[in-house]
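Novice: I'd like to ask you about the structure that follows.
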């Protein structure tokens, strides 16, 4: 489903497709499509290629080094990248921190950090969640105590995605323990090379090292690294989360996943016929496709509204909930479609692990297991339903 694109927008889509054809290596696209874990070098390559073209942060304002894309252009770019199976742009610097700095950061912070985000000199990670403060983020316990020209930070963050690669982390910290939860939080930028920081890997259920714990023990952070005002960090956190959830539906990824699922179902056989001809399987596939079409329609409405100047609201939560459900349903059906080949590995007679099935089956279980996280990150679906209930239904 497409918008009624203008000739200029169609020309932009053709330019994006040509760029992807020229700059996206086939082996990298294949690995993304198969759900393989990418190395830092893969992300760095794609980051640099997009930055050279000027498209890494195409929707940034021009005064900050972006192209000031319209919402429709950003939609076109995201859809085409997903269809081509390009690596995702690591969002923490480009899509999360940067909007906060552009809206609330000092001129010095903008001039220093934004160019380094674009160049790849700084790789950022997000210090929000804690063991006792995930969905209830405002209950975070990590403390920052003012000591002259520095804050002294103590505490722990968890589920820090790709933190093992990062050299900077933006953190929510508690700077006033006497205030109400949301009113005593500040937003700090912390150098990961600071003494007292320890990164501990968390190995996920699919066996991949993607997330981490980050521990802070008497970490000194210059007061100049405070974004905005002290104790106003919750305002900036909500602003960041709104941007995080915009596009989180993953319509393009779901479309690509659905196309892969259909190819699998045409290849796998059941009772002498392609699986896609099985009535029960076909019905489940159709339901997912119908839901995806409906979600894509809502997404396009929001794109059109954003192009007219509307700010994202609770609709972002609606897309987040439905998008995560659809992607998990696609993963689940793909895992079921490959049957016994979904087993990640088997052992040969010498005890060596290998995958005996077809290539498309090799990562079916890994992707299914890893993507259980989709309904949790960016605010769990349960919390998003609460936002929808309050903001839209007024309950």
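The values are calculated or read from the model by the stated rules, or taken from the named source; none is laboratory data. As the structure is a computational prediction, the values presented were derived from the model and not from experiment. For neighbour counting, all protein chains shown are included, and Cβ atoms are generated from backbone atoms with ideal geometry for every residue, glycine included.
Novice: Out of all the residues in the stretch 156-172, which are in a strand (DSSP E or B) and either modelled with pLDDT under 95 or more than 13 Å from residue 126 (Cβ to Cβ) (or both)?
Specialist: 156
Novice: Would you check which residues across the stretch 112-121 are over 18 Å from the mean Cα position of the chain (by Cα) and surrounded by 21 or more Cβ atoms within 10 Å (Cβ to Cβ) and list them?
Specialist: 113, 114
Novice: If you don't mind, there's one more thing I want to ask. Six or more apart or on different chains, Cβ atoms under 9 Å: show the pairs whose first residue is in the stretch 40-54 and at positive phi and whose second is surrounded by fewer than 18 Cβ atoms within 10 Å (Cβ to Cβ).
Specialist: Final answer for the pair search is 54/65.
Novice: Of the residues 249, 178, which is surrounded by fewer than 20 Cβ atoms within 10 Å (Cβ to Cβ), outside any helix (DSSP H, G or I) and either modelled with pLDDT under 95 or within 19 Å of the chain's Cα centre (by Cα) (or both)?
Specialist: 178
Novice: Quick one: how many residues across the stretch 129-141 are touching a residue at least 40 places away in the same chain (Cβ under 8 Å), surrounded by fewer than 22 Cβ atoms within 10 Å (Cβ to Cβ) and touching a strand residue (DSSP E or B) at 6+ places or on another chain (Cβ under 8 Å)?
Specialist: Of the residues in that region, 3 qualify.
Novice: Among residues belonging to the stretch 328-378 that are closer than 30 Å to residue 133 by Cβ and in a loop (DSSP other than H, G, I, E, B), point out the one that is modelled with the lowest pLDDT.
Specialist: Checked the stretch 328-378; the qualifying residue modelled with the lowest pLDDT is 378.
Novice: Could you list all residues from the stretch 190-210 that are assigned to a loop (DSSP other than H, G, I, E, B), farther than 17 Å from residue 372 by Cβ and either assigned by TED's automatic domain parsing to the domain that holds residue 372 or touching a helix residue (DSSP H, G or I) at 6+ places or on another chain (Cβ under 8 Å) (or both)?
Specialist: If the condition is that a residue be assigned to a loop (DSSP other than H, G, I, E, B), farther than 17 Å from residue 372 by Cβ and either assigned by TED's automatic domain parsing to the domain that holds residue 372 or touching a helix residue (DSSP H, G or I) at 6+ places or on another chain (Cβ under 8 Å) (or both), then no residue fits.
Novice: Which residues, taken from the stretch 130-145, are modelled with pLDDT of 95 or more and under 20 Å from the mean Cα position of the chain (by Cα)?
Specialist: Listed by number, the list holds a single entry, 130.
Novice: Okay, next question. List pairs: first in the stretch 1-20 and at pLDDT 90 or above, second part of a loop (DSSP other than H, G, I, E, B) and surrounded by 12 or more Cβ atoms within 10 Å (Cβ to Cβ), Cβ under 6 Å, 6+ apart or cross-chain?
Specialist: Taking only residues 6 or more apart or on different chains, the pairs are 20/84.
Novice: A further question follows. Among the residues in the stretch 147-155, are any surrounded by fewer than 14 Cβ atoms within 10 Å (Cβ to Cβ), at pLDDT 95 or above and in a strand (DSSP E or B)?
Specialist: Within the stretch 147-155, one or more residues are surrounded by fewer than 14 Cβ atoms within 10 Å (Cβ to Cβ), at pLDDT 95 or above and in a strand (DSSP E or B).
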